[in-house]
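Asker: Can you read through this structure? Questions will come right after.
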Amino acid sequence: MDVTVEGMLSSSPSLFFNRLAEDHTGMSVYGPVVKIHPVVLASIGDSYERRNEGASRVIGTLLGTIDKHSVEVTNCFSVPHNESEDEVAVDMEFAKNMYELHKRVSPSEVIVGWYATGFEITEHSVLIHEYYSREATNPIHLTMDTALQSGKMNIRAYLSAQMGVLGKTVGVMFTPLSVKYKYYDTERIGIDLLERTRDAPNTTNGLTSDLCQVGGAAGRVQDMLATVLTYIEDVLSGKQTADNSVGRYLMDLVNKVPKITAEDFETMLNSNINDLLMVTYLSNLTQAQIALNEKIVVL
């Protein structure tokens with residue numbers, strides 16, 4: 001097979017691959033845990049929806065941070081490529097320029113791997129992975145099943161390793177990794193909005209105000225405290241067997257609560273709410289002044 005990739009990849013007919021645990025989504029081998037942020041999944045889905053006509057899948061670069069036991073994927077960008085049965089061409093110059101621009105905005109994020117939409121790992125994936133192996137140490141490969149072959153959007157991560165006989169044909173083996181999802185507080189707002197529109201796609205929902213978010217957070221805390229109190233009462237009455245690990249978590253929770261009187265807490269809460277209302281009022285006033293200024297300039 002004659003396979004070419006623009007920039008740095010060359011043809012290699014001796015390459016072959018073996019994908020482990022294709023039908024075992026939950027299986028993972030020893031390796032780092034891949035933590036994916038929601039913005040990455042949304043960006044991959046958006047690039048797939050905006051793909052060129054006739055393209056079967058899209059690929060891109062994964063950005064994030066790496067520590068001893070995990071790889072945290074916090075951002076990504078798509079990379080133009082063309083693919084056929086016997087050839088793949090990737091614009092590596094575009095990928096380099098995009099990464100250089102991204103470093104100016106987020107210098108702490110480095111290349112941690114690459115993604116591709118689809119369910120399978122192909123021979124073209126091996127060649128593309130070879131390029132990313134030069135840009136990062138042990139890059140991960142993330143696949144996102146946008147075709148929903150199993151009824152849901154399966155997301156899998158792999159780590160490659162060479163296999164074969166020394167001095168003979170050398171291949172690449174992709175082994176699955178554990179995938180977890182992580183989000184910042186700002187991403188949680190978007191997730192909650194998507195959750196509200198999941199069962200009613202035709203319903204329009206906007207972002208809630210800051211005060212409503214505070215009220216919702218307080219309601220969730222109250223529900224969790226009610227669950228904890230119910231568990232404690234059941235243990236004390238003998239309805240449920242005590243769990244030592246749960247007890248230790250509860251003890252840590254109690255020790256972390258600051259010692260403050262109810263009056264001081266109420267004063268502090270009211271003060272923070274007043275500050276929040278003042279900031280909201282000033283923001284609305286600024287927006288009104290900007291809109292008024294734009295209209296005056298037009299006149």
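The values are calculated or read from the model by the stated rules, or taken from the named source; none is laboratory data. What you see is a predicted model, and the numbers here were worked out from it, not measured in a lab. Because the Cβ atoms are built from the backbone with ideal geometry, glycine has one as well, and the counts that use them run over all protein chains shown. The protein model used for the area step is the full one, side chains on, heavy atoms only, and it has no ligands, DNA or RNA in it. Shrake-Rupley method; radii C 1.70, N 1.55, O 1.52, S 1.80 Å.
Asker: Determine whether region 209-218 contains at least one residue that is under 23 Å from the mean Cα position of the chain (by Cα), modelled with pLDDT under 75, over 30 Å from Leu142 (Cα atoms) and not charged (D, E, K, R).
Answerer: If we filter region 209-218 for residues that are under 23 Å from the mean Cα position of the chain (by Cα), which is where we start, we get 213, 217.
Those still in the list that are modelled with pLDDT under 75 too: 213.
Cutting the leftovers down to over 30 Å from Leu142 (Cα atoms) gives us 213.
After this cut, where a residue has to be not charged (D, E, K, R) as well, the list is 213.
Checked region 209-218: at least one residue is under 23 Å from the mean Cα position of the chain (by Cα), modelled with pLDDT under 75, over 30 Å from Leu142 (Cα atoms) and not charged (D, E, K, R).
Asker: In region 113-137, what residues are among the acidic types (Asp, Glu) and assigned to a helix (DSSP H, G or I)?
Answerer: If the condition is that a residue be among the acidic types (Asp, Glu) and assigned to a helix (DSSP H, G or I), then Glu123, Glu130, Glu135 are the ones that fit.
Asker: Just to be sure I understand the filter: pairs with C-beta atoms under 7 Å, separated by 6 or more residues or on different chains, first member in region 78-105 and within 11 Å of Gly60 (Cα to Cα) and of a type in the set (A, V, I, L, M, F, W, C), second member assigned to a helix (DSSP H, G or I) and open to solvent by 70 Å² or more (accessible area, probe 1.4 Å). Which pairs pass?
Answerer: As it stands, the answer is Val79/Phe94, since those pairs meet every condition given.
Asker: Mind listing whichever residues of region 89-120 are open to solvent by less than 10 Å² (accessible area, probe 1.4 Å) and among the aliphatic types (A, V, I, L, M)?
Answerer: Looking only at region 89-120, we keep the residues that are open to solvent by less than 10 Å² (accessible area, probe 1.4 Å), and these are 90, 92, 95, 112-117.
Hits for region 89-120 are Val90, Met92, Ala95, Val112, Ala116.
Asker: Same structure again: Looking only at region 37-80, which residues are surrounded by fewer than 16 Cβ atoms within 10 Å (Cβ to Cβ), of a type in the set (S, T, N, Q) and either part of a loop (DSSP other than H, G, I, E, B) or touching a helix residue (DSSP H, G or I) at 6+ places or on another chain (Cβ under 9 Å) (or both)?
Answerer: Matches in region 37-80: Asn52, Ser56.
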